[in-house]
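The values are calculated or read from the model by the stated rules, or taken from the named source; none is laboratory data. Computed from a prediction, not measured in an experiment: that's the story for all the values here. Note that each Cβ is placed from the backbone with ideal geometry, even for glycine, and that neighbours are counted across all protein chains shown.
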Amino acid sequence: MKCLGLRNSSILLISALAITTISTCQTKVDVEQQLQNISYDIKRDSVWITTSNGRIFGLLLQPVKYKLDKIPAVLCLQGGGDVGLANYIYEAEVFAKKGISALVCDKSGSGLSKTEKSWREQSFKDKTTEYMELHAWLSSQERIDKSKVGVHGMSEGGRLALNMAIRSPDKIAFVNVVSGPIASFKENRLFAIQHHLSAQGFKHGDIDQVLKVWEMYYNDVAKGLFTDETLTEIKRLRETLPTLRHRPAYSKNLPRRPLRSDVHFGLEGSMDLIRCPVLFQYGENDILVDPVVSISMIPNRSNMLIKNYKNTDHSMNFENGDMNPEYLNDKHTWIEQLKKGVLSQ
């Protein structure tokens, strides 16, 4: 009976240990889940940053009551055109709520920024230089860990975020690219024009003709001079496709945009220089940036994660205008992985 009693006690002890172990593991999982679900309140500050081009206005979003003395940060870049700073605060808030300070700025010569050159006059190289200056300012702030400052960019901003990581791989801690083109400006524009004409109902043969003329036009812009052959083809387009609205201007004067140096600007062949973690987020229904071509140019490396969402457009929205929830879910998951990985070192 005593022996049986000891055996029962052993069984009870083993059971208790097992329950304790399960409880401990479960508690660890619960704690990790709670940490992932933390959403910080945000403090917003208006800032003016002096660059070589003038003064740039920005909003600095910082998580409130963050325990660490030094925290990571991200520079959030706008896309092409000038829809305004307010259109890009949403992504900055995503990072700030996750404990990462975020800076989003007006473009040069836009909004409250006061600069010598406006964004319309800046080449991709000019913008990259300016963004590196903004990144340096953000890295120098008292609460920011200068070794853990990354870049988030949408569309053109994604292209230039990658260019920053290529140009200064030792300074960029991470990159999040949303609908960012990797092919040259010219190739990407031809893709967008093709989809625009197709949506308008033009025939394949007519579209091919238009694309041929646009390619001649962009090649001449890059050379700085329009040939008689190109001007003749532009004139012919006006005669053969009178309903065509989106066509090159019949003029020997170079356009304000694109700039000559931007036409063939692409990142193909340079992507291997990027050493930091990169999250690429594309939409399969994008008609402004070719996701297939861009993805084909991304090296197959462990630091590069690619997401291509079904039924999703350039702005990460469904056809009905709703944002694809996977876009945010993947971004949140990736940020948490960053915090456990490169941002925890």
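When residue 247 is tested against (1) of a type outside the set (S, T, N, Q); (2) surrounded by 15 or more Cβ atoms within 10 Å (Cβ to Cβ); (3) modelled with pLDDT under 95; (4) out of contact with any helix residue (DSSP H, G or I) (no Cβ under 8 Å at 6 or more places or on another chain), exactly one condition is not met: (4).
Residue 125 - would you say it is more than 18 Å from the chain's Cα centre (by Cα), closer than 22 Å to residue 171 by Cα, assigned by TED's automatic domain parsing to the domain that holds residue 315 and in contact (Cβ under 8 Å) with a residue 24 or more places away in the chain? Judged against the criteria, residue 125 is not a match. Listed by first and then second residue, the pairs linking a residue in region 183-203 that is over 19 Å from residue 245 (Cα atoms) to a residue that is in a helix (DSSP H, G or I) and of a type in the set (Asp, Glu), with Cβ atoms under 6 Å apart and 6 or more places separating them unless they lie on different chains, are 185/262. The residues listed here are 160, 112; of these, the one that is in contact with a strand residue (DSSP E or B) (Cβ under 7 Å, 6 or more places away or on another chain), under 30 Å from residue 296 (Cβ atoms) and of a type outside the set (D, E, K, R) is 160. Within region 95-112, being crowded, with 21+ Cβ neighbours inside 10 Å and not in a loop (DSSP other than H, G, I, E, B) holds for 95, 96, 101, 102, 103, 104, 105. Of everything in region 116-132, what is of a type in the set (A, V, I, L, M, F, W, C) and under 16 Å from residue 85 (Cβ atoms)? Give them in sequence order. Of everything in region 116-132, just one residue is of a type in the set (A, V, I, L, M, F, W, C) and under 16 Å from residue 85 (Cβ atoms), namely 119.
Matching residues to (1) more than 22 Å from residue 195 (Cα to Cα); (2) part of a loop (DSSP other than H, G, I, E, B):
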position	(1), (2)
250	yes, yes
255	yes, yes
286	no, yes
289	no, yes
292	no, no
302	yes, yes
305	yes, no
328	yes, no
334	yes, no
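Candidates in region 226-248 are the residues that are touching a residue at least 24 places away in the same chain (Cβ under 8 Å) and farther than 15 Å from residue 192 by Cβ; of these, the one that is farthest from the chain's Cα centre (by Cα) is 240.
In the condition set (1) crowded, with 18+ Cβ neighbours inside 10 Å; (2) over 15 Å from residue 262 (Cβ atoms), residue 128 is compliant with all but (2). Answer with yes or no whether residue 292 is under 30 Å from residue 330 (Cα atoms), among the aliphatic types (A, V, I, L, M) and either modelled with pLDDT of 95 or more or out of contact with any helix residue (DSSP H, G or I) (no Cβ under 7 Å at 6 or more places or on another chain) (or both). In short, yes.
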